[in-house]
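Data first, discussion second: the structure below is written as structure tokens.
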Amino acid sequence: MNAIKKTRFLKLMAVGVLVSVLALPQVAFSAPEIKASGGGKNWTFNVGVTAIRDDNLLGAPERGPIPLSLQGKNFDDTGIRWNSNIGYNYKQSSKLSFKFDYDVNQTLYEENSARDITTQMFGINTEYKISPLVNVQLMYKYIYNIVDGNDFSGINYIRPSFNYMHRTFGMTAIHFLYSDTNNWITSLRNTETTGAGIAQYIFFSNYTRRLTIGYQYRDDDAKGKNFDRDTHAVNVGFKTPLFYGINMTTDARYTQKDYKTRLAIDTRLREDNEQRYSLGLDKVLIAKMGYLQNLVLRGLYTHTYNRSTEDAVFAVNNHWELGLSAAF
């Protein structure tokens, strides 16, 4: 392909990666719920604001020359993200319940407005309790992404799951997933995704500490065959209280993406191997005040190291966040 087409291709690929990173984590790796029995209906509302900084937001490669689409850009950037969620819980019976929710979050960068993204998610989660410790859930979300003020993609996401809580060994969660992505910028990124995963949540110290071990497989079947790939993701996480009411959450995730037809620069099939390590701290500043249920201060550091047979995406990034969230 000529230089102009290649530059546009790399730019669309980078934005597509950004959307997949920001839009889906909360549904792709979210933990299922085992809730206490109760009745009635109730509304929930959450809102938050976060300052963010990346030292390599654009993914400048560690190897090879800087792509033409990134030349002259500031890789180190700061921004702000705000998010809100409103949910409605409805219990049909002691066994069957529904949660309807709407999420919106927006990230705005100081220098790289082309990476500004607004995501809206409309969802419903249905839960049926087989017993107090066993349930099945069916989640559906429609995810609508706007990048740099332009409609980017719409995603239908479905995830059924089976969850079993053992009194000694913790909770086992098995899920399947299907998503259908309609990309309005380039139809080559229209993708059907199928997958499955399993996670084990092990609790300690009267449920105040939690160890998480998980694996997920995804198969992306895209209209543009260069985007067809298999993805394997393994993660290990730990959450524990520290002192003065501070909680710590750590996570290590390894993701391998095997492209089915796309060749790297050395004619091998492209393969990406991403390592991501995160450390989060949070503290409840106000537990209860009027309608306010929780005001929480949060900090997060994430280190991402992506190795690849394609030099243009062989990159390292350090990401920091500091923000407040409130639940009502």
Between the stretch 211-232 and the stretch 85-100, how many Å separate their Cα centres?
31
Quarter of the Cα convex hull surface for the stretch 163-277, i.e. its orientation-mean projected area (nm²)
9.8
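Give the shape of the stretch 259-328 as rounded, prolate or oblate, defined through the alpha-carbon gyration tensor: a ≥ b ≥ c are the square roots of its eigenvalues, a/c under 1.5 means rounded, and otherwise the shape is prolate if a/b is larger than b/c and oblate if not. Spell out each step's value before the answer.
Values: a/c = 5.82, a/b = 3.55, b/c = 1.64.
Here the stretch 259-328 falls in the prolate category.
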So how much slack lies between ASN42 and ARG167, counting 0.36 nm per residue of separation and subtracting their Cα-Cα distance, in nm?
42.1 nm
As a test of the formula, what do you get for the chain when each DSSP H run with n ≥ 4 contributes -39,500 (n - 2.57) and the sum is divided by the residue count, at 222 nm and rounded to the nearest 500 deg cm²/dmol?
-2500 deg cm²/dmol
Which three extents, in angstrom, do the Cα atoms of the stretch 83-138 have along their principal axes, listed largest first?
52, 18, 13
The list (i) -0.52, -1.52; (ii) -0.68, -1.21; (iii) -0.45, -1.34 gives values of log10 I(q)/I(0) by the Debye sum over Cα atoms at q = 0.09, 0.15 Å⁻¹, and only one came from this structure; which label was calculated from it?
(i)
Report the full-extension gain for the segment GLN71 to ASN318: residue separation times 0.36 nm, less the Cα-Cα distance, to one decimal in nm.
86.9 nm
Computed about the Cα centre, the charge dipole of the chain from +1 Lys/Arg and -1 Asp/Glu charges at the Cβ has a magnitude in debye, to the nearest 20, of 860
Using a cut-off of under 17 Å, list every residue of the stretch 167-205 whose amide N is near the label point 7 Å from the Cα of THR126 along the Cα-to-beta-carbon line.
176-178
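Taking the Cβ-Cβ separation of LEU269 and ASP180 as r and a Förster radius of 35 Å, what is the calculated FRET efficiency to the nearest 0.05?
Numbers: r = 25 Å, r/R0 = 0.72.
The pair LEU269/ASP180 has a calculated efficiency of 0.85.
About its Cα centre, how strong a charge dipole does the stretch 145-298 have in debye, to the nearest 20, once Lys and Arg get +1 and Asp and Glu get -1 at the Cβ? Mind dumping the intermediate values first?
On the way: 20 positive and 16 negative charges, 130 e Å.
Computed charge dipole of the stretch 145-298: roughly 620 debye.
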Under the Karplus relation 6.51 cos²θ - 1.76 cosθ + 1.60, θ = phi - 60°, what is the ordered set of whole-Hz ³J(HN,Hα) values for the stretch 282-292, x standing for Gly and Pro?
9, 8, 6, 7, 9, 8, 7, 7, x, 6, 6
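Please give the FRET efficiency for ARG63 paired with TYR277, using the beta carbon to beta carbon distance and R0 = 22 Å, rounded to the nearest 0.05. Working shown, then result.
Details: r = 21 Å, r/R0 = 0.95.
Here the calculated transfer efficiency is 0.55.
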Work out the charge dipole of the stretch 196-267 with +1 on the Cβ of Lys and Arg and -1 on the Cβ of Asp and Glu about the Cα centre, then indicate which of ALA233, ILE202, TYR244 is farthest towards its positive end.
TYR244
Quick check: residue separation of GLN106 and TRP82 times 0.36 nm, minus the Cα distance between them. What number comes out in nm?
8.1 nm
P(r) of the stretch 74-221 over all Cα-Cα pairs, 5 Å bins starting at 0, rounded to whole percent, reads 2, 8, 13, 14, 16, 18, 13, 9, 5, 2, 0
Between ASP219 and THR250, what is the spin-label point distance in nm, taking each point 7 Å from the Cα along the Cα→C-beta axis?
3.6
Residues whose placed amide H lies under 5 Å from that of ASP148, excluding near-sequence neighbours
ASP116, ILE117, THR118
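Throughout, read-outs are computed from the coordinates displayed, never taken from laboratory work. Since this is a predicted model, take the numbers as computed values, not measurements. Cβ atoms come from the backbone with ideal geometry, glycine included; neighbour counts cover every protein chain shown.
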